[in-house]
Amino acid sequence: MVLKEIDSTQFRDMVRVATHRMGKNAEFVNSLNVFPVPDGDTGTNMNLTIASGAKAVSENPSTNVSDLTESLAKGMLMGARGNSGVITSQLFRGFYKATQGMKTLNAQELSNAFTNGVTTAYKAVMKPVEGTILTVARVAAEEGATKANDTDDVEEVMKAVVEGAKKALKTTPDLLPILKQVGVVDSGGQGLLFIYEGFLEGILGENFADQYQPDAGEMDEMINAMHHQSVQSQLATQDIKNGYCTEIMVDLTADVPNKKPFDLDEFRKHLSGIGDSLLAVSDGDVAKVHVHTEHPGEVFQYGSQFGQLGKIKIDNMRIQHETIVEGDEDKQESVDFAVIAVASGNGIRKLFESEGVNRIISGGQTMNPSTADIIDAIKKSGAKKAIVLPNNGNIIMAAKQAAEVSDIPVGIVPTKTISQGLTAMLSFDPDASVDDNVEAMTEDLDTVVSGEVTQANRDTTINGVEIHKNDYLGIVDGDIKIDNADLIKATTEMVEKMLDDDTEIITIMYGRDANKEQAEKVVSALKAEHDDLEFEIHDGGQPVYNFLISAE
């Protein structure tokens, strides 16, 4: 039977199943991270991005597909995290633009929507790189367009899109040498394939849940909002161990692929290993979960094995805590020109504040803030104009996306590290324009070399460096240069790679998994060879990285 059009009900199914499929496979996508460090979060970012779009679709009662594609695009825009999430949101922004005013989608219109999504996403990326999610999206759209010329069956067009995505994904290691070197396909492309496969399953009516839609207030009734405040008010922000308040509802009556039998005790036991402050209840048909965790994607993935995920909710408690401590979540400052920085670690926060940063967004590695988080910080600054320092290469696109929809002029200084962010602040002039500040602050980024030390989470070889699991890695401006089982030696060897004839000052920020004594040992080892260098040591308090080091 030929399916000639997609109506609103079918489109809802497509989005619902795609979200389920992405959530179930988020950790697998994370595992495709090229670098063997514990910050691979492509799957998590894409999962949270599409989940935000799915939530917006579920809240829109319209029977017009165009209204639902608009909700999907806007929801994904606000929820976009990391480069992969932003690019995915742009794909569906273009998808929406091509469907405006349409009550249903026929085969040609569906194909056109995918094609326009690719055009929009490529325009959003300053220097598009083949062998990434962009390649997968492009080839998938091309295959869909070819099929749409031969048939008016939307199922056949969607099958062609999926097959095109699969074909393109297999070629990504040939287009990006680093992927072939490590032996993986592109993680963003793999995530997009899961989304497209979910779309196809939704159209076919296979392997997806029924129409269960939980009441919007049900989960809120389960959790007393004061619970979070009473707990958080006793902590410093940097002491929050599990930073994401995660809530899900699971329809246990729904049929999902490889469904597992539900046992509440086992369910609670597993989730207790993922986080704390757990509350899990079930009436036999629906399970409701509240847990504080560092890995929301794992909660989604686990819950989806027992049924269809209904309502999901994620709050960054570090951001919530900061506003609670201030005494008013809606508090707005009143400044003419604000500088907003993304950072994690109490010591690093204080360093930025000492240099004149007005507002800090908690985040960085493994905790990429969403577009909405950045927009919220801009609004709460109360400023007439603002500068944002992303301090992470995976946050720059979300920051630019936030600037585009902001009500005030916002400039983005493309800082990729904490060290670059601190250096950029030296050139900030509150009396200059946004554009002049961006230019001046960006020019200074080349004056600092950034080093990061963390532990490897798997064995591999990258650019000739043989890496062993649990060894310490020295990463200089994004490239792994050192592998050593000894923290002090790895750090010292990394700093040696950072030096040149003009280096004068070395700044060392030790994180949660290091201490001042270890930093002093690094300084002693370096002073023995370089008595002309000056050293500064700060308690950064950052997660993931034992040391963040700058050479200027």
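Coordinate-derived values only; no laboratory data. Worth saying up front: this structure is predicted, and the values here are computed from it rather than measured. With ideal geometry, Cβ positions are generated from the backbone for all residues, glycine too; neighbour counts draw on all protein chains shown.
Would you mind pulling out the separation of the Cα centroids of the range 368-438 and the range 241-291, in Å?
Cα centroid to Cα centroid, the span is 37 Å.
Please identify the trypsin sites (Lys or Arg not before Pro) of the range 62-167 that satisfy two criteria: DSSP loop assignment and at most 16 other Cβ atoms within 10 Å. Which are they?
Working: sites: K74, R81, R93, K97, K103, K123, R138, K147, K159, K166, K167; in loops: K103.
Counting only loop positions with at most 16 other Cβ atoms within 10 Å, the trypsin sites (Lys or Arg not before Pro) in the range 62-167 are K103.
For the chain, what is the calculated [θ] at 222 nm in deg cm²/dmol (nearest 500), taking -39500 (n - 2.57) for each run of four or more DSSP H residues and dividing by its residue count? Intermediate results must be reported in sequence, preceding the final value.
On the way: 22 runs with 263 residues, N = 552.
After summing the helix terms and dividing by the residues of the chain, the value is -15000 deg cm²/dmol.
With θ taken as phi - 60° and the coefficients 6.51, -1.76 and 1.60, list the Karplus ³J(HN,Hα) couplings across the range 247-262 in order, rounded to whole Hz; mark glycine and proline as x.
Per-residue couplings from phi come out as 10, 9, 10, 10, 7, 6, 8, 6, 8, 10, x, 6, 4, 9, x, 9 Hz.
Using only the alpha-carbon atoms, how far is helix 65-79 inclined from the longest principal axis of the chain? Give it as 0 to 90 degrees, nearest 10.
20
Which ³J(HN,Hα) values in Hz, rounded to whole numbers, follow from the phi angles of the range 345-352 under the Karplus curve 6.51 cos²θ - 1.76 cosθ + 1.60, where θ = phi - 60° and Gly and Pro get x?
Each residue's phi maps through the Karplus curve to give x, 4, x, 5, 4, 5, 4, 5 Hz.
Using every alpha carbon pair in the range 449-551, what percent of pairs falls into each 5 Å bin from 0 up to the bin containing the largest distance?
3, 14, 26, 26, 18, 9, 4, 0
Can you grab the distance from the C-alpha centre of the range 455-519 to the C-alpha centre of the range 52-120, Å, no decimals?
Between the Cα centres of the range 455-519 and the range 52-120 lies a distance of 42 Å.
Once you treat every alpha carbon in the range 356-456 as an equal point and sum by Debye, what is log10 I(q)/I(0) at q = 0.17, 0.21, 0.23 Å⁻¹?
Computed log10 I(q)/I(0) values: -0.73, -1.11, -1.32.
Pairs K74/K400; K170/K481; K24/K260: which are spaced more than 21 Å apart, C-alpha to C-alpha?
Working: K74/K400 16 Å; K170/K481 29 Å; K24/K260 13 Å.
Distance filter (> 21 Å) returns K170/K481.
Enter the angle in degrees (range 0 to 90, nearest 10) between the Cα long axis of helix 82-97 and the first principal axis of the Cα atoms of the chain, meaning the one along which they spread out most.
Result, in degrees: 40.
May I ask for the angle, rounded to the nearest 10°, between helix 396-405 and the longest principal axis of the chain, with both axes built from Cα atoms and the value confined to 0 to 90°?
Taking Cα atoms only, the helix is inclined about 70 degrees.
If you take the beta carbon distance between N463 and E59 as r and set R0 to 41 Å, what does 1/(1 + (r/R0)^6) give as a FRET efficiency, to the nearest 0.05?
Details: r = 47 Å, r/R0 = 1.14.
Efficiency computed from Cβ-Cβ geometry: 0.30.
List every residue whose amide H lies under 5 Å from the amide H of E5, counting only residues 5 or more places away in sequence or on a different chain, with H placed 1.01 Å from N in the peptide plane.
Under 5 Å from the amide H of E5: V154.
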